[in-house]
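Following: one structure in structure tokens, then a few remarks.
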Amino acid sequence: MLPFAPFSLETPDTWATAHDLLADPGARLVAGGTDLLPSMKHRIFRPGVLVSMRRLPGLRTVEETADGGLTIGAGLTLRELSRLAPVRARYPALAAACATVATPTIQATATLGGNIMLDTRCVYYNQPEGWRAGIGGCLKCDGSVCHVAPKGKGCYAAHSADTVPVLWLHGARVVLASADGERTLPMAEMYQDDGIAWLAVRPGEVLTRVLLPAPAATVLHRKARTRAAIDYGYLLVAASRGPEGYRAVVSAVGPRPIEVSGDTPERLAEAAYATVQPLGTHLQPATWRKKMVRVEVRRAAELL
Ligand SMILES: Cc1cc2nc3c(=O)[nH]c(=O)nc-3n(C[C@H](O)[C@H](O)[C@H](O)COP(=O)(O)OP(=O)(O)OC[C@H]3O[C@@H](n4cnc5c(N)ncnc54)[C@H](O)[C@@H]3O)c2cc1C
Ligand code: SF4
């Protein structure tokens, strides 16, 4: 078993204390810990202080909004979300996406906020420290070369959070809180094309709520992965059919999910195939994953 490096745990019960603690560059927020703690054991992150969200007020509420939407607290677990009656009735693809994450045990601890803020992943990065040292680390952690694209200057690690493509197609916005106040950001503006700085979030900001408008289209979530549990998807697709035609958001193919549109399932699939360019961040070959983009997007759209 891999041991933790020493750290201290703070469990503030006021937002003022939490923001003070998070002002320390050596501090890091922890929600369910299902992604952060394994990464700490791998020495990917070495925070001196973990700031727990567990006792902070207002993070576990669900409210109906006047326009027929929902406001969901970032501290709700994926299992709670997948079982919530208004989510199952009005956003069934979100409930389905939550139920595909990892395993039921992990879903019972993992939070919505942690899923949206999930780190990007790569086969050269999500490894124990000794494994990474064997290849000299990489640009994203402890090294100076990208093993996926050695001549490039960037990192292409993939964002693989299951809830994100569905929330994106539903037009969700997130509320980010800091000592300076709150701001909202559309999910479609949350991610950047850089595997190291993939979040358009400022230091110290905490995601407190997700604002979901009333559903305007039917949305479907598909996940291609090696085994039917535990494994992350090597390709995530959410597709929708609404008054404006078909749309799809494809994820796990780079730091930023990619949106395409088309007037038929075939044209949507061709648009995705032309736009999405997976790289060698996964065990599955990139050329095969590219072919699977067309297959998975068409399947998703045809099922709508
Ligand atoms: C075996 C295994 C399989 C997995 N499979 C999947 C999978 O298939 N799909 C998938 O999507 N995920 C998967 N995960 C990852 C993880 O379980 C989920 O993404 C989970 O939702 C993360 O939430 P958390 O509350 O545990 O986040 P944490 O681990 O607590 O935090 C993750 C990151 O988000 C930050 N953070 C957390 N909450 C907030 C907030 N409210 N505001 C600002 N920053 C915040 C933390 O600082 C940290 O950097 C898997 C994990 C494991 C161990
Ligand atoms: S894409 Fe390159 S820099 Fe980024 S994690 Fe993978 S190997 Fe490292």
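When region 195-221 is examined, which residues are found to be under 15 Å from the mean Cα position of the chain (by Cα), farther than 22 Å from Gly32 by Cβ and within 14 Å of ligand 1 (Cβ to nearest atom)? Of everything in region 195-221, those that are under 15 Å from the mean Cα position of the chain (by Cα), farther than 22 Å from Gly32 by Cβ and within 14 Å of ligand 1 (Cβ to nearest atom) turn out to be Ile196, Ala197, Ala200. Output the residues belonging to region 28-58 that are farther than 22 Å from Arg121 by Cβ, surrounded by fewer than 20 Cβ atoms within 10 Å (Cβ to Cβ) and not polar (S, T, N, Q). Passing the criteria: Gly48, Val49, Arg54, Arg55, Pro57, Gly58.
Residues that are of a type outside the set (S, T, N, Q) and surrounded by fewer than 18 Cβ atoms within 10 Å (Cβ to Cβ) were ranked within region 226-240; the one that is nearest to Ala252 (Cα to Cα) is Asp231.
Taking region 24-50 as the range and being on the phi < 0 side of the Ramachandran plot, more than 16 Å from ligand 2 (Cβ to nearest atom) and either assigned by TED's automatic domain parsing to the domain that holds Ala161 or in a loop (DSSP other than H, G, I, E, B) (or both) as the test, the residues that pass are Asp24, Pro25, Gly26, Ala31, Gly32, Thr34, Arg46, Pro47, Gly48.
Residues considered: Thr281, Thr287. Of these, the only one that is among the β-branched types (Val, Ile, Thr), assigned to a loop (DSSP other than H, G, I, E, B) and either exposed (fewer than 14 other Cβ atoms within 10 Å of the Cβ) or out of contact with any Leu (no Cβ under 9 Å at 6 or more places or on another chain) (or both) is Thr281.
Evaluate the following for Leu199: is it touching a helix residue (DSSP H, G or I) at 6+ places or on another chain (Cβ under 7 Å) and either over 30 Å from Pro86 (Cβ atoms) or assigned by TED's automatic domain parsing to the domain that holds Gln107 (or both)? Give the steps one after another, and end with the answer.
Working: touching a helix residue (DSSP H, G or I) at 6+ places or on another chain (Cβ under 7 Å): no; either over 30 Å from Pro86 (Cβ atoms) or assigned by TED's automatic domain parsing to the domain that holds Gln107 (or both): yes.
No; evaluated as a whole, the condition is false for this residue.
The residue pairs whose first member lies in region 96-111 and is more than 9 Å from ligand 1 (Cβ to nearest atom) and modelled with pLDDT of 95 or more, whose second member is outside any strand (DSSP E or B) and not charged (D, E, K, R), and whose beta carbons are closer than 6 Å, counting only pairs six or more residues apart or on different chains, are Ala99/Ser82.
Among the residues of region 154-194, those identified as assigned to a strand (DSSP E or B) and either within 15 Å of ligand 1 (Cβ to nearest atom) or of a type in the set (A, V, I, L, M) (or both) are Ala158, Arg173, Val174, Val175, Leu176, Ala177, Ser178, Glu182, Arg183, Thr184, Leu185, Tyr191. Residues that are assigned to a helix (DSSP H, G or I) and in contact (Cβ under 8 Å) with a residue 24 or more places away in the chain were ranked within region 112-131; the one that is farthest from ligand 1 (Cβ to nearest atom) is Glu129. Pairs linking a residue in region 196-211 that is without any contact (Cβ under 8 Å) to a residue 40 or more places away in the chain to a residue that is small (Gly, Ala, Ser) and crowded, with 19+ Cβ neighbours inside 10 Å, with Cβ atoms under 9 Å and 6 or more positions apart or on different chains, are Glu205/Ala177. Of the residues making up region 191-199, none is at pLDDT 95 or above and more than 16 Å from ligand 2 (Cβ to nearest atom). With respect to (1) surrounded by fewer than 17 Cβ atoms within 10 Å (Cβ to Cβ); (2) modelled with pLDDT of 95 or more; (3) within 16 Å of ligand 2 (Cβ to nearest atom), the lone exception for Thr184 is condition (3). A search for C-beta distances below 7 Å between a residue of region 147-164 that is within 12 Å of ligand 2 (Cβ to nearest atom) and any residue that is part of a helix (DSSP H, G or I), counting only pairs 6+ apart in sequence or on different chains, returns nothing.
The values are calculated or read from the model by the stated rules, or taken from the named source; none is laboratory data. Everything quoted here is computed from the prediction, not taken from an experiment. When we count neighbours, we look across all protein chains shown, and the Cβ atoms used for this are built from the backbone with ideal geometry, even at glycine.
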